[in-house]
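S.K.: The structure is given below, and queries will be raised subsequently.
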């Protein structure tokens, strides 16, 4: 063929076998194939519209109650739990909260009917778990009325409960067991979202957090709880070390609720790749033991619109950041029973990455987690730029032994110091030091005696004589 000649493209199949492939007209071939599948007419406007609806815009789904794999009813208790529940409300969940502090409830951005003030004692629990427990039991009837009002009679409007607790508070931690008892009456799965305190929290908060975690762990072991999600504010503090003190909990609560909501939303959506469906997500969430989660951002090397990466680049970044990406630390991820991997990215970049790259990443993660049951999903998110976001949901792991031990040691050390201070109160309040106490006390007693009414009378009589 001369350089100026053109040739109609061919299928290439016959060329590979050494046979001469006849030239073919691509328009004719398309028409022939359309006729074979019965699509002899161009798609109607209605059909085109239906096709477009299949590409779900993620920006409009995350706060839409329609796009949820599981219809969770969120209950927040205490200050920390109520703040978390408030954030879930922004994502379209049915939410209600309870607290013994009317001041704290005032700033929770929820309809008033979604809030219960447990009026008990002086208001608040003073970090006393017994007060939180007693207040909850006394308010049981009011709480159940609120639950049925928000979640529907017999809670028919939801599929499962999530109880959000800020570990360490008197109301939140103290109310957990009575609330779980109430919720269990409805026969729905119950998951607890429990936050561990920061290192800067006080002695009582740390001690409460450990005691509460111990009680909840026993409920999981006895299958009275379907799952225990652990989030560590100390870990989030490391991730967002540049955030101001005033903005820390806003950022932390958003991230905690946002990542959980991402799992629940993506699991409800169609994808042209591979999906984690609602039953898959439910299996992960009900594995028992503890559940942890996080996300990893993987930058893509882009040149002229093309992804330039080796096959193992994505896998390396995943494995390097697996532990550090979680919103809790001290866990042994090799104990995991199940885990979900949700990969999101722009369609034009996902289409360029070979399937073998993703498969290698999934297989490597499976090896790292010692052959846990793997669930994988790949989803288009056109909001992203030149990166992939990988969301990891790991369930069935044991308690974070290192972190728990650290909290116990900190609490014990703080308690010992506090007890020493209390034992020194008497010494600190003594007017006379022990070294010269006898002489000074004798002088003081004599002066006191002399200055008394009786002493003055005696002294006057002495003077006259």
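All of the numbers you see were taken from the coordinates with simple rules; none came from a lab. Predicted, not measured: the structure shown is a model, and the values here were computed from it. No Cβ is skipped: glycine too gets one built from the backbone with ideal geometry, and neighbour counts run over all protein chains shown.
S.K.: How would you rank 182-191, 167-176, 261-270, 338-347, highest first, on the average number of other Cβ atoms within 10 Å across their residues?
M.R.: Values: 182-191: 16.5, 167-176: 30.3, 261-270: 21.0, 338-347: 22.5.
The packing order, highest mean first, is 167-176, 338-347, 261-270, 182-191.
S.K.: Another question, if that's okay. Please say if region 177-303 is rounded, prolate or oblate, where rounded means a/c under 1.5 for a ≥ b ≥ c the square roots of the C-alpha gyration tensor eigenvalues, and otherwise the choice is prolate for a/b larger than b/c and oblate otherwise? If you can, show how the numbers build up before the last one.
M.R.: On the way: a/c = 2.45, a/b = 1.10, b/c = 2.22.
Oblate, since a/c reaches 1.5 and b/c is not below a/b.
S.K.: What's the extension gain from residue 59 to residue 239 if we count 0.36 nm per residue and subtract their Cα-Cα distance?
M.R.: 62.3 nm
S.K.: In whole Å, largest first, what are the principal axis extents of the Cα atoms in region 274-408?
M.R.: In descending order, the Cα extents are 54, 32, 26 Å.
S.K.: Taking N as the number of residues in region 68-266, what is its alpha-carbon radius of gyration divided by 2.2 N^0.38 Å? Intermediate values should be presented prior to the final figure.
M.R.: Working: Rg = 15.5 Å, N = 199, 2.2 N^0.38 = 16.4 Å.
For region 68-266, the normalised Cα radius of gyration comes out at 0.94.
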